[in-house]
Amino acid sequence: MDHDKWMAAPYQGGSEGLHKRRLKEVRHLIEKVEKGSLESLVMVDALQRLGIAYPFEEEIKSILHEQHLISSFDGHPSRDSLYEVALRFRLLRQEGYYLPADIFKGFKSKEDNNVGCVFDPMLGKDVFGLMSLYEASHLGMQGEDILSEAAEFARKALSGSADKFLNVGDNDINGVSSKLLGELVRNTLSNPIHKSLPRFTSKSFEVYLKGHYHYEWTRAFRELAILDRDLIASINRTEIRQVSKWWRDLGLSNELKFARDQPMKWYMWPMVVLPEPKLSKERVDLTKPIAMVYIIDDIFDVHGTLDELTLFAEAIDRWECAEELPNYMKTCFRALDKCTNEISFRVYTKHGWNPTDLLRKSWASLCDAFLVEARWFTSSHSPPADEYLKNAIVSTGVPLVMVHLFALLCEDTDRQSTDTMKSFREMSSSTAKILRLWDDLGSAKDENQEGHDGSYVDYYMKENPSCSLEGARNHVKAMISNAWKNLNRECLSPQPFSPSLAKGSLNTARMVPLMYDYDENHCLPIIQEHMKSLLLNGSV
(Lines give C-alpha, C1' and ligand atoms only; values in the text may rest on other atoms or scores of the structure.)
Protein backbone atom coordinates (compact mmCIF):
# COMPACT_ATOMS: atom_id res chain seq x y z
CA MET A 1 0.00 0.00 0.00
CA ASP A 2 1.35 3.47 -0.89
CA HIS A 3 2.47 5.08 2.36
CA ASP A 4 1.06 8.54 1.50
CA LYS A 5 -2.39 7.04 0.86
CA TRP A 6 -2.01 4.96 4.02
CA MET A 7 -1.20 8.02 6.12
CA ALA A 8 -4.00 10.07 4.56
CA ALA A 9 -6.64 7.38 5.10
CA PRO A 10 -9.45 8.85 7.21
CA TYR A 11 -10.02 7.34 10.59
CA GLN A 12 -12.67 8.39 13.05
CA GLY A 13 -12.11 7.42 16.67
CA GLY A 14 -14.21 8.12 19.68
CA SER A 15 -15.99 5.37 21.58
CA GLU A 16 -14.50 3.65 24.57
CA GLY A 17 -15.57 0.31 23.14
CA LEU A 18 -13.63 0.89 19.95
CA HIS A 19 -10.60 1.92 22.00
CA LYS A 20 -10.77 -1.38 23.91
CA ARG A 21 -11.01 -3.36 20.69
CA ARG A 22 -7.97 -1.59 19.26
CA LEU A 23 -6.07 -2.24 22.49
CA LYS A 24 -6.86 -5.94 22.15
CA GLU A 25 -5.81 -5.93 18.49
CA VAL A 26 -2.49 -4.19 19.19
CA ARG A 27 -1.78 -6.48 22.14
CA HIS A 28 -2.27 -9.47 19.85
CA LEU A 29 0.17 -7.98 17.32
CA ILE A 30 2.77 -7.43 20.04
CA GLU A 31 2.41 -10.99 21.33
CA LYS A 32 2.90 -12.36 17.80
CA VAL A 33 6.28 -10.73 17.20
CA GLU A 34 9.48 -12.64 17.95
CA LYS A 35 10.84 -11.07 21.13
CA GLY A 36 14.48 -11.21 20.12
CA SER A 37 13.96 -9.71 16.67
CA LEU A 38 14.72 -6.26 15.30
CA GLU A 39 11.02 -5.87 14.53
CA SER A 40 10.19 -6.19 18.23
CA LEU A 41 12.53 -3.27 18.97
CA VAL A 42 10.98 -1.16 16.23
CA MET A 43 7.57 -2.00 17.63
CA VAL A 44 8.49 -0.86 21.16
CA ASP A 45 10.00 2.31 19.72
CA ALA A 46 6.80 3.06 17.80
CA LEU A 47 4.61 2.50 20.87
CA GLN A 48 6.70 4.95 22.87
CA ARG A 49 6.90 7.57 20.14
CA LEU A 50 3.13 7.48 19.70
CA GLY A 51 2.54 7.80 23.44
CA ILE A 52 0.65 4.48 23.67
CA ALA A 53 3.21 2.36 25.52
CA TYR A 54 1.51 2.61 28.92
CA PRO A 55 -1.17 -0.08 28.33
CA PHE A 56 1.51 -2.55 27.23
CA GLU A 57 4.08 -2.22 30.01
CA GLU A 58 4.25 -5.97 30.71
CA GLU A 59 4.60 -6.89 27.04
CA ILE A 60 7.34 -4.29 26.58
CA LYS A 61 9.18 -5.53 29.69
CA SER A 62 9.09 -9.07 28.29
CA ILE A 63 10.53 -7.96 24.94
CA LEU A 64 13.26 -5.86 26.51
CA HIS A 65 14.18 -8.63 28.97
CA GLU A 66 14.75 -10.95 26.01
CA GLN A 67 16.76 -8.27 24.20
CA HIS A 68 18.86 -7.72 27.32
CA LEU A 69 19.66 -11.43 27.46
CA ILE A 70 20.76 -11.29 23.83
CA SER A 71 23.05 -8.32 24.48
CA SER A 72 24.43 -9.91 27.67
CA PHE A 73 25.42 -13.15 25.98
CA ASP A 74 26.32 -11.95 22.51
CA GLY A 75 27.31 -8.31 23.01
CA HIS A 76 26.38 -7.10 19.57
CA PRO A 77 27.04 -9.79 16.96
CA SER A 78 28.81 -8.69 13.82
CA ARG A 79 25.63 -9.33 11.88
CA ASP A 80 23.83 -6.57 13.80
CA SER A 81 23.65 -3.23 12.06
CA LEU A 82 24.44 0.12 13.64
CA TYR A 83 20.70 0.83 13.53
CA GLU A 84 19.86 -2.28 15.56
CA VAL A 85 22.69 -1.93 18.08
CA ALA A 86 21.88 1.74 18.76
CA LEU A 87 18.13 1.12 18.97
CA ARG A 88 18.59 -1.77 21.42
CA PHE A 89 21.00 0.31 23.49
CA ARG A 90 18.56 3.24 23.74
CA LEU A 91 15.47 1.20 24.54
CA LEU A 92 17.23 -0.89 27.18
CA ARG A 93 18.93 2.08 28.83
CA GLN A 94 15.76 4.10 29.15
CA GLU A 95 14.08 1.17 30.90
CA GLY A 96 16.83 0.87 33.52
CA TYR A 97 19.04 -1.81 31.95
CA TYR A 98 22.69 -0.86 31.99
CA LEU A 99 24.50 -1.37 28.72
CA PRO A 100 28.08 -0.07 28.45
CA ALA A 101 28.61 2.60 25.84
CA ASP A 102 31.66 0.63 24.71
CA ILE A 103 29.40 -1.47 22.50
CA PHE A 104 29.85 1.30 19.91
CA LYS A 105 33.61 0.78 19.76
CA GLY A 106 32.97 -1.87 17.12
CA PHE A 107 31.91 0.93 14.77
CA LYS A 108 35.13 2.89 15.10
CA SER A 109 37.49 3.15 12.19
CA LYS A 110 39.78 0.12 12.08
CA GLU A 111 42.66 2.45 11.25
CA ASP A 112 42.26 4.33 14.53
CA ASN A 113 40.73 1.85 16.92
CA ASN A 114 42.90 2.67 19.91
CA VAL A 115 43.35 6.43 19.69
CA GLY A 116 40.38 8.70 20.32
CA CYS A 117 37.04 7.68 18.89
CA VAL A 118 36.99 8.00 15.13
CA PHE A 119 33.87 6.41 13.67
CA ASP A 120 34.12 4.52 10.42
CA PRO A 121 33.58 7.05 7.59
CA MET A 122 31.57 4.41 5.72
CA LEU A 123 28.84 4.84 8.34
CA GLY A 124 28.15 8.24 6.81
CA LYS A 125 26.13 6.45 4.13
CA ASP A 126 23.95 4.60 6.64
CA VAL A 127 21.27 7.24 7.25
CA PHE A 128 18.98 5.09 9.39
CA GLY A 129 21.97 3.87 11.40
CA LEU A 130 23.13 7.45 11.96
CA MET A 131 19.68 8.54 13.10
CA SER A 132 19.57 5.64 15.55
CA LEU A 133 23.07 6.46 16.80
CA TYR A 134 22.16 10.13 17.27
CA GLU A 135 19.06 9.16 19.25
CA ALA A 136 21.08 6.76 21.43
CA SER A 137 23.75 9.37 22.17
CA HIS A 138 21.25 11.45 24.18
CA LEU A 139 21.15 8.78 26.89
CA GLY A 140 24.78 9.31 27.78
CA MET A 141 26.12 9.79 31.29
CA GLN A 142 29.20 11.54 32.67
CA GLY A 143 32.44 9.97 31.48
CA GLU A 144 30.96 8.33 28.38
CA ASP A 145 32.98 10.31 25.86
CA ILE A 146 32.25 7.82 23.10
CA LEU A 147 28.57 8.87 23.15
CA SER A 148 29.45 12.56 22.99
CA GLU A 149 31.66 11.86 20.01
CA ALA A 150 28.99 9.66 18.46
CA ALA A 151 26.51 12.54 18.76
CA GLU A 152 28.87 14.94 17.02
CA PHE A 153 29.74 12.45 14.28
CA ALA A 154 26.09 11.62 13.60
CA ARG A 155 24.96 15.26 13.78
CA LYS A 156 27.52 16.43 11.25
CA ALA A 157 26.77 13.57 8.86
CA LEU A 158 23.00 14.01 9.13
CA SER A 159 23.05 17.80 8.90
CA GLY A 160 24.54 17.56 5.45
CA SER A 161 21.97 14.96 4.40
CA ALA A 162 18.62 16.56 5.25
CA ASP A 163 18.60 19.33 2.64
CA LYS A 164 20.17 17.06 0.05
CA PHE A 165 17.38 14.50 0.40
CA LEU A 166 14.67 17.17 0.39
CA ASN A 167 15.98 18.69 -2.85
CA VAL A 168 16.65 15.64 -5.05
CA GLY A 169 13.09 14.81 -6.04
CA ASP A 170 11.20 11.62 -5.30
CA ASN A 171 13.95 9.04 -5.62
CA ASP A 172 13.68 5.97 -3.39
CA ILE A 173 16.47 5.16 -0.94
CA ASN A 174 16.14 1.72 0.64
CA GLY A 175 12.43 1.75 -0.16
CA VAL A 176 11.85 5.22 1.34
CA SER A 177 11.40 8.34 -0.78
CA SER A 178 14.24 10.84 -0.54
CA LYS A 179 11.82 13.61 0.48
CA LEU A 180 10.49 11.51 3.36
CA LEU A 181 14.02 10.57 4.38
CA GLY A 182 14.90 14.27 4.50
CA GLU A 183 11.95 14.90 6.81
CA LEU A 184 12.96 11.99 9.04
CA VAL A 185 16.52 13.32 9.33
CA ARG A 186 15.38 16.86 10.06
CA ASN A 187 12.93 15.69 12.73
CA THR A 188 15.55 13.46 14.35
CA LEU A 189 17.96 16.37 14.69
CA SER A 190 15.33 18.81 16.02
CA ASN A 191 13.36 16.40 18.22
CA PRO A 192 15.54 13.60 19.63
CA ILE A 193 13.07 11.22 21.26
CA HIS A 194 14.74 11.14 24.68
CA LYS A 195 14.35 14.91 25.04
CA SER A 196 10.97 15.27 23.34
CA LEU A 197 7.32 14.86 24.28
CA PRO A 198 5.13 12.82 21.90
CA ARG A 199 2.10 15.08 22.39
CA PHE A 200 3.94 18.16 21.16
CA THR A 201 5.83 16.54 18.31
CA SER A 202 3.07 14.41 16.81
CA LYS A 203 3.96 15.57 13.30
CA SER A 204 7.44 14.11 13.76
CA PHE A 205 6.02 10.76 14.71
CA GLU A 206 3.55 10.76 11.83
CA VAL A 207 6.63 11.14 9.62
CA TYR A 208 8.34 8.36 11.59
CA LEU A 209 5.43 5.99 10.92
CA LYS A 210 5.56 6.77 7.22
CA GLY A 211 9.14 5.53 7.24
CA HIS A 212 7.99 2.22 8.73
CA TYR A 213 4.72 1.73 6.87
CA HIS A 214 5.92 -1.62 5.47
CA TYR A 215 5.30 -3.30 8.85
CA GLU A 216 1.81 -4.81 8.99
CA TRP A 217 1.10 -3.42 12.43
CA THR A 218 1.69 0.29 11.78
CA ARG A 219 -1.86 1.11 10.73
CA ALA A 220 -3.31 -0.51 13.87
CA PHE A 221 -0.81 1.42 16.00
CA ARG A 222 -1.78 4.69 14.37
CA GLU A 223 -5.50 4.02 14.81
CA LEU A 224 -4.99 3.25 18.50
CA ALA A 225 -2.89 6.41 18.90
CA ILE A 226 -5.70 8.56 17.46
CA LEU A 227 -8.29 6.95 19.70
CA ASP A 228 -6.01 7.23 22.71
CA ARG A 229 -5.37 10.93 22.10
CA ASP A 230 -9.10 11.57 21.98
CA LEU A 231 -9.65 9.59 25.17
CA ILE A 232 -6.84 11.36 27.05
CA ALA A 233 -7.93 14.76 25.72
CA SER A 234 -11.38 14.11 27.16
CA ILE A 235 -9.80 13.25 30.54
CA ASN A 236 -7.66 16.39 30.35
CA ARG A 237 -10.66 18.61 29.64
CA THR A 238 -12.41 17.20 32.72
CA GLU A 239 -9.30 17.93 34.78
CA ILE A 240 -9.10 21.46 33.41
CA ARG A 241 -12.64 22.10 34.59
CA GLN A 242 -11.71 20.79 38.03
CA VAL A 243 -8.59 22.97 38.19
CA SER A 244 -10.51 26.04 36.98
CA LYS A 245 -13.18 25.53 39.63
CA TRP A 246 -10.54 25.08 42.35
CA TRP A 247 -8.76 28.26 41.24
CA ARG A 248 -12.01 30.24 41.04
CA ASP A 249 -13.16 29.04 44.46
CA LEU A 250 -9.76 29.84 45.99
CA GLY A 251 -10.37 33.49 45.13
CA LEU A 252 -6.73 34.57 44.74
CA SER A 253 -7.29 36.02 41.27
CA ASN A 254 -9.67 38.56 42.81
CA GLU A 255 -7.57 39.24 45.91
CA LEU A 256 -4.14 39.45 44.24
CA LYS A 257 -4.70 41.48 41.09
CA PHE A 258 -0.97 41.86 40.46
CA ALA A 259 -0.35 38.11 40.22
CA ARG A 260 -0.61 35.86 37.19
CA ASP A 261 -3.95 34.24 36.46
CA GLN A 262 -3.02 31.28 34.26
CA PRO A 263 -4.59 28.04 35.50
CA MET A 264 -4.46 26.48 32.03
CA LYS A 265 -0.73 27.09 31.75
CA TRP A 266 -0.10 25.77 35.25
CA TYR A 267 -2.07 22.62 34.46
CA MET A 268 0.08 21.97 31.39
CA TRP A 269 3.01 21.01 33.64
CA PRO A 270 1.32 18.07 35.43
CA MET A 271 -0.47 17.10 32.21
CA VAL A 272 2.94 16.44 30.68
CA VAL A 273 4.80 15.32 33.80
CA LEU A 274 2.21 12.62 34.60
CA PRO A 275 0.77 11.48 31.26
CA GLU A 276 -0.72 8.14 32.38
CA PRO A 277 -4.54 8.34 32.37
CA LYS A 278 -4.74 6.60 35.77
CA LEU A 279 -2.98 9.54 37.47
CA SER A 280 -5.86 11.99 37.03
CA LYS A 281 -6.20 12.94 40.71
CA GLU A 282 -2.45 13.39 40.99
CA ARG A 283 -2.42 15.79 38.02
CA VAL A 284 -5.14 17.95 39.56
CA ASP A 285 -3.44 17.91 42.97
CA LEU A 286 -0.02 18.76 41.52
CA THR A 287 -1.43 21.79 39.68
CA LYS A 288 -2.23 23.40 43.04
CA PRO A 289 1.32 23.82 44.41
CA ILE A 290 2.50 24.80 40.92
CA ALA A 291 -0.09 27.59 40.91
CA MET A 292 1.07 28.72 44.35
CA VAL A 293 4.71 28.79 43.20
CA TYR A 294 3.78 31.23 40.45
CA ILE A 295 1.70 33.38 42.81
CA ILE A 296 4.37 33.56 45.53
CA ASP A 297 7.01 34.24 42.87
CA ASP A 298 4.99 37.28 41.79
CA ILE A 299 4.70 38.47 45.39
CA PHE A 300 8.49 38.39 45.71
CA ASP A 301 9.31 39.51 42.20
CA VAL A 302 6.85 42.26 41.35
CA HIS A 303 4.87 43.42 44.37
CA GLY A 304 6.20 43.03 47.93
CA THR A 305 8.62 45.39 49.62
CA LEU A 306 11.76 43.87 51.12
CA ASP A 307 10.41 44.31 54.65
CA GLU A 308 7.14 42.60 53.70
CA LEU A 309 8.97 39.78 51.96
CA THR A 310 11.15 39.20 55.02
CA LEU A 311 8.05 38.95 57.20
CA PHE A 312 6.42 36.55 54.75
CA ALA A 313 9.48 34.27 54.55
CA GLU A 314 9.66 34.18 58.35
CA ALA A 315 5.95 33.35 58.56
CA ILE A 316 6.43 30.44 56.14
CA ASP A 317 9.44 29.22 58.14
CA ARG A 318 7.30 29.17 61.31
CA TRP A 319 4.18 28.19 59.31
CA GLU A 320 2.22 30.80 61.17
CA CYS A 321 0.00 33.54 59.73
CA ALA A 322 1.59 36.41 61.63
CA GLU A 323 -0.63 39.35 62.51
CA GLU A 324 1.87 41.88 61.14
CA LEU A 325 1.62 40.45 57.61
CA PRO A 326 -0.13 42.66 55.04
CA ASN A 327 -3.65 41.45 54.19
CA TYR A 328 -2.69 40.19 50.73
CA MET A 329 0.04 38.03 52.26
CA LYS A 330 -2.37 36.67 54.87
CA THR A 331 -4.73 35.71 52.04
CA CYS A 332 -1.90 33.94 50.21
CA PHE A 333 -0.72 32.13 53.35
CA ARG A 334 -4.21 30.84 54.12
CA ALA A 335 -4.60 29.56 50.56
CA LEU A 336 -1.19 27.88 50.77
CA ASP A 337 -2.03 26.29 54.12
CA LYS A 338 -5.33 24.96 52.75
CA CYS A 339 -3.62 23.53 49.65
CA THR A 340 -0.90 21.86 51.74
CA ASN A 341 -3.41 20.32 54.14
CA GLU A 342 -5.55 18.96 51.31
CA ILE A 343 -2.59 17.27 49.64
CA SER A 344 -1.29 15.91 52.97
CA PHE A 345 -4.69 14.37 53.69
CA ARG A 346 -4.77 12.82 50.21
CA VAL A 347 -1.32 11.28 50.72
CA TYR A 348 -2.18 10.00 54.20
CA THR A 349 -5.39 8.43 52.89
CA LYS A 350 -3.69 6.72 49.96
CA HIS A 351 -0.17 5.91 51.20
CA GLY A 352 -0.54 5.92 54.98
CA TRP A 353 1.99 8.64 55.85
CA ASN A 354 1.73 12.34 56.62
CA PRO A 355 3.92 14.57 54.42
CA THR A 356 2.90 17.87 56.09
CA ASP A 357 6.32 18.65 57.60
CA LEU A 358 8.11 17.68 54.39
CA LEU A 359 5.86 19.94 52.29
CA ARG A 360 6.09 22.87 54.70
CA LYS A 361 9.89 22.67 54.75
CA SER A 362 9.94 22.73 50.95
CA TRP A 363 7.86 25.94 50.97
CA ALA A 364 10.19 27.47 53.55
CA SER A 365 13.22 26.64 51.38
CA LEU A 366 11.57 28.17 48.32
CA CYS A 367 10.64 31.41 50.10
CA ASP A 368 14.11 31.69 51.62
CA ALA A 369 15.59 31.40 48.12
CA PHE A 370 13.15 34.01 46.79
CA LEU A 371 14.16 36.31 49.65
CA VAL A 372 17.87 35.93 48.85
CA GLU A 373 17.17 37.03 45.28
CA ALA A 374 15.05 39.96 46.46
CA ARG A 375 17.89 41.15 48.71
CA TRP A 376 20.38 40.86 45.86
CA PHE A 377 18.16 42.94 43.61
CA THR A 378 17.36 45.58 46.25
CA SER A 379 21.05 46.08 47.06
CA SER A 380 22.15 45.82 43.38
CA HIS A 381 24.40 42.95 44.40
CA SER A 382 25.87 40.71 41.68
CA PRO A 383 26.59 37.33 43.26
CA PRO A 384 29.22 34.94 41.92
CA ALA A 385 27.73 32.81 39.15
CA ASP A 386 27.99 29.57 41.14
CA GLU A 387 26.37 31.15 44.22
CA TYR A 388 23.56 32.48 42.04
CA LEU A 389 23.00 29.05 40.49
CA LYS A 390 22.99 27.22 43.82
CA ASN A 391 20.20 29.49 45.07
CA ALA A 392 18.43 29.59 41.70
CA ILE A 393 18.09 25.80 41.61
CA VAL A 394 15.82 26.12 44.66
CA SER A 395 14.02 29.25 43.41
CA THR A 396 12.95 27.52 40.19
CA GLY A 397 10.32 25.77 42.31
CA VAL A 398 11.29 22.44 40.76
CA PRO A 399 12.59 20.86 43.99
CA LEU A 400 9.37 21.90 45.74
CA VAL A 401 7.15 20.49 42.98
CA MET A 402 9.18 17.29 42.96
CA VAL A 403 8.70 16.92 46.72
CA HIS A 404 4.94 17.18 46.19
CA LEU A 405 5.20 14.66 43.36
CA PHE A 406 7.17 12.33 45.62
CA ALA A 407 4.46 12.60 48.28
CA LEU A 408 1.66 11.93 45.80
CA LEU A 409 3.35 8.86 44.27
CA CYS A 410 5.54 7.22 46.89
CA GLU A 411 5.18 5.10 50.00
CA ASP A 412 6.56 6.00 53.42
CA THR A 413 9.26 3.32 53.08
CA ASP A 414 10.74 5.31 50.19
CA ARG A 415 11.00 8.41 52.39
CA GLN A 416 12.77 6.47 55.14
CA SER A 417 15.60 5.28 52.86
CA THR A 418 18.65 7.56 52.99
CA ASP A 419 19.90 6.33 49.61
CA THR A 420 16.50 6.85 48.02
CA MET A 421 16.21 10.43 49.26
CA LYS A 422 19.79 11.23 48.20
CA SER A 423 19.08 9.97 44.69
CA PHE A 424 15.76 11.86 44.66
CA ARG A 425 17.42 15.15 45.65
CA GLU A 426 20.11 14.78 42.98
CA MET A 427 17.46 14.00 40.37
CA SER A 428 15.45 17.08 41.39
CA SER A 429 18.58 19.27 41.38
CA SER A 430 19.57 18.23 37.85
CA THR A 431 16.06 18.91 36.56
CA ALA A 432 16.00 22.32 38.25
CA LYS A 433 19.43 23.19 36.83
CA ILE A 434 18.22 22.41 33.30
CA LEU A 435 15.21 24.67 33.80
CA ARG A 436 17.17 27.57 35.30
CA LEU A 437 19.98 27.54 32.75
CA TRP A 438 17.61 27.14 29.81
CA ASP A 439 15.54 30.08 31.06
CA ASP A 440 18.68 32.15 31.51
CA LEU A 441 19.69 31.52 27.90
CA GLY A 442 16.56 33.35 26.76
CA SER A 443 15.79 37.04 26.85
CA ALA A 444 11.97 37.08 26.62
CA LYS A 445 9.90 37.25 29.78
CA ASP A 446 6.54 35.80 30.69
CA GLU A 447 3.77 37.68 28.92
CA ASN A 448 2.25 38.78 32.25
CA GLN A 449 5.31 39.36 34.39
CA GLU A 450 7.50 42.42 34.70
CA GLY A 451 9.86 41.27 37.43
CA HIS A 452 13.64 41.49 37.67
CA ASP A 453 15.45 38.16 37.58
CA GLY A 454 19.15 37.59 37.49
CA SER A 455 20.85 35.53 34.81
CA TYR A 456 23.68 33.04 35.01
CA VAL A 457 24.92 34.32 31.64
CA ASP A 458 25.25 37.88 32.99
CA TYR A 459 26.98 36.85 36.20
CA TYR A 460 29.34 34.51 34.37
CA MET A 461 30.37 37.28 31.97
CA LYS A 462 31.01 39.66 34.88
CA GLU A 463 33.34 37.07 36.40
CA ASN A 464 34.99 36.48 33.01
CA PRO A 465 35.27 39.91 31.32
CA SER A 466 37.17 38.51 28.34
CA CYS A 467 34.37 36.04 27.57
CA SER A 468 32.02 36.98 24.72
CA LEU A 469 28.26 36.56 24.90
CA GLU A 470 28.55 33.63 22.48
CA GLY A 471 31.23 32.06 24.65
CA ALA A 472 29.09 32.44 27.78
CA ARG A 473 26.08 30.95 26.05
CA ASN A 474 28.13 27.99 24.82
CA HIS A 475 29.36 27.48 28.38
CA VAL A 476 25.76 27.40 29.62
CA LYS A 477 24.75 24.96 26.89
CA ALA A 478 27.59 22.65 27.98
CA MET A 479 26.31 22.90 31.57
CA ILE A 480 22.81 21.94 30.40
CA SER A 481 24.28 18.96 28.55
CA ASN A 482 26.12 17.86 31.71
CA ALA A 483 22.95 18.30 33.79
CA TRP A 484 21.13 16.01 31.34
CA LYS A 485 23.89 13.41 31.77
CA ASN A 486 23.47 13.56 35.54
CA LEU A 487 19.71 13.31 35.18
CA ASN A 488 20.14 10.27 32.95
CA ARG A 489 22.30 8.63 35.60
CA GLU A 490 19.62 9.13 38.26
CA CYS A 491 16.55 8.35 36.16
CA LEU A 492 17.80 5.54 33.95
CA SER A 493 19.13 3.37 36.77
CA PRO A 494 16.91 1.03 38.82
CA GLN A 495 15.28 3.03 41.61
CA PRO A 496 13.28 1.86 44.65
CA PHE A 497 10.65 4.57 44.24
CA SER A 498 7.79 4.79 41.75
CA PRO A 499 8.89 4.69 38.08
CA SER A 500 6.39 7.50 37.49
CA LEU A 501 8.57 9.75 39.67
CA ALA A 502 11.68 9.24 37.51
CA LYS A 503 9.62 9.63 34.34
CA GLY A 504 8.06 12.75 35.82
CA SER A 505 11.47 14.27 36.39
CA LEU A 506 12.51 13.51 32.81
CA ASN A 507 9.23 14.89 31.47
CA THR A 508 9.75 18.10 33.45
CA ALA A 509 13.14 18.57 31.78
CA ARG A 510 11.59 17.77 28.39
CA MET A 511 8.89 20.37 28.94
CA VAL A 512 11.34 23.19 29.72
CA PRO A 513 12.15 24.23 26.12
CA LEU A 514 8.44 24.50 25.34
CA MET A 515 7.59 26.50 28.47
CA TYR A 516 10.41 29.00 27.88
CA ASP A 517 10.21 29.32 24.10
CA TYR A 518 8.78 32.85 24.05
CA ASP A 519 8.28 34.57 20.72
CA GLU A 520 8.68 38.28 19.97
CA ASN A 521 5.21 38.91 21.44
CA HIS A 522 6.23 37.31 24.77
CA CYS A 523 3.91 34.37 24.07
CA LEU A 524 4.36 30.60 23.96
CA PRO A 525 3.03 29.61 20.52
CA ILE A 526 3.45 25.83 20.84
CA ILE A 527 1.82 25.70 24.27
CA GLN A 528 -0.98 28.06 23.23
CA GLU A 529 -1.71 26.04 20.10
CA HIS A 530 -1.96 22.88 22.18
CA MET A 531 -4.30 24.57 24.65
CA LYS A 532 -6.48 25.82 21.80
CA SER A 533 -6.59 22.36 20.22
CA LEU A 534 -7.42 20.74 23.55
CA LEU A 535 -10.27 23.13 24.34
CA LEU A 536 -11.78 23.81 20.92
CA ASN A 537 -11.16 20.71 18.86
CA GLY A 538 -11.47 18.01 21.47
CA SER A 539 -8.20 16.42 20.38
CA VAL A 540 -4.47 16.90 20.53
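Collect residues whose amide H, placed 1.01 Å from N in the peptide plane, falls under 5 Å from the amide H of residue 120; neighbours closer than 5 in sequence don't count.
For residue 120, whose amide H was placed from the backbone, the distant partners under 5 Å are 108, 109.
Rounded to the nearest whole Å², what accessible area per residue is found for region 375-415 with the 1.4 Å probe?
Per-residue value: 41 Å².
Under 11 Å from the Cβ of residue 267, count the other residues' Cβ atoms, weight Lys and Arg +1, Asp and Glu -1, and hand me the total.
+4
Could you run the Karplus curve 6.51 cos²θ - 1.76 cosθ + 1.60 with θ = phi - 60° over region 270-277 and give me ³J(HN,Hα) per residue in whole Hz, x for Gly and Pro?
x, 4, 8, 5, 10, x, 5, x
For residue 294, tell me the accessible area in Å² from a 1.4 Å probe, rounded to the nearest 10.
30 Å²
Please enumerate, by chain and number, the lysines with C-alpha under 22 Å from the C-alpha of residue 422, excluding those fewer than 8 residues away in the same chain.
Correct list for residue 422: 361, 390, 433, 485, 503.
With θ set to phi - 60° and the Karplus curve 6.51 cos²θ - 1.76 cosθ + 1.60, what are the ³J(HN,Hα) couplings of region 504-514 in order, to the nearest whole Hz, using x for Gly and Pro?
Those phi angles translate into x, 5, 4, 5, 4, 4, 5, 6, 3, x, 6 Hz.
By its C-alpha gyration tensor, with a ≥ b ≥ c as the square roots of the eigenvalues, how is region 251-535 shaped: rounded for a/c under 1.5, else prolate for a/b larger than b/c, else oblate?
Taking the square roots of the gyration eigenvalues as a ≥ b ≥ c, region 251-535 is rounded.
Dipole of region 251-535, Cα-centred, from +1 at each Lys and Arg C-beta and -1 at each Asp and Glu C-beta, to the nearest 20 debye?
Using only the charged Cβ atoms, the result is roughly 1000 debye.
Say the dipole of region 251-535 comes from +1 at the beta carbon of Lys and Arg and -1 at that of Asp and Glu; which of 263, 420, 335 then lies farthest toward its positive end?
Checking the options against the dipole of region 251-535, the answer is 420.
For region 251-535, with all protein chains present and a 1.4 Å probe, just round the carbon and sulfur fraction of the accessible area to a whole percent.
Summing carbon and sulfur atoms, their accessible area is 49 percent of the total for region 251-535.
Could you compute how much accessible surface residue 386 exposes when probed at 1.4 Å, giving the result in Å² to the nearest 10?
110 Å²
Quick one: what are the phi-derived ³J(HN,Hα) couplings along region 50-65, Karplus 6.51/-1.76/1.60 with θ = phi - 60°, whole Hz, x for glycine and proline?
Result, rounded to whole Hz: 7, x, 10, 7, 4, x, 10, 4, 5, 5, 5, 4, 5, 5, 5, 4.
The values are calculated or read from the model by the stated rules, or taken from the named source; none is laboratory data. Remember, it's a predicted structure, so these values are computed and weren't measured experimentally. Positions of Cβ are generated from backbone atoms using ideal geometry, with glycine treated the same way; all protein chains shown enter the neighbour counts. Accessible surface areas use protein heavy atoms only, side chains included; no ligands, DNA or RNA. Shrake-Rupley method; radii C 1.70, N 1.55, O 1.52, S 1.80 Å.
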